Amino acid sequence: MAEPLAAKNDRPRFRSVADTAAILGMSEVTLYRAIHAGQFPAIKVRGRFVIPARAIDDMEASALTYGLVDASNRTLRPAG
């Protein structure tokens with residue numbers, strides 16, 4: 001049987017907006033604005049936003065490899 005993703009390591013799969021803003025060294029308000037503008041990846045569940053930890057990790061890896069990373073190029077907006 002495959003091991004659940006959450007059990008593979010002790011890091012959370014999702015981070016709060018507050019945690020993510022602190023990691024990135026920006027204000028929560030700035031991050032919320034980016035999320036609402038479709039410029040930062042997030043998942044909305046009933047009005048609460050969470051950030052996939054992998055999105056942060058992937059952006060960091062890309063920045064280390066390629067230099068500047070524009071988070072808005074890594075987001076998808078639902079049609080409609």
Original post:
So which pairs qualify, if the first residue must be in region 57-70 and in a helix (DSSP H, G or I), the second must be among the β-branched types (Val, Ile, Thr), the Cβ gap must be under 7 Å, and the two must be at least 6 apart or on different chains?
Top reply: MET59/VAL69; SER62/VAL69; ALA63/VAL69
**OP:** Go through region 31-52 and give me each residue that's open to solvent by less than 70 Å² (accessible area, probe 1.4 Å) and either assigned to a loop (DSSP other than H, G, I, E, B) or among the acidic types (Asp, Glu) (or both).
**Re:** ALA37, GLY38, PHE40, PRO41, ALA42, GLY47
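The values are calculated or read from the model by the stated rules, or taken from the named source; none is laboratory data. Since the model is a prediction, treat every value here as computed from it, not as a measurement. Quick reminder, even Gly has a Cβ in these numbers, built from the backbone with ideal geometry, and neighbours come from all protein chains shown. To get the accessible areas, we keep the full protein, side chains included, count just its heavy atoms, and leave off ligands, DNA and RNA. Shrake-Rupley method; radii C 1.70, N 1.55, O 1.52, S 1.80 Å.
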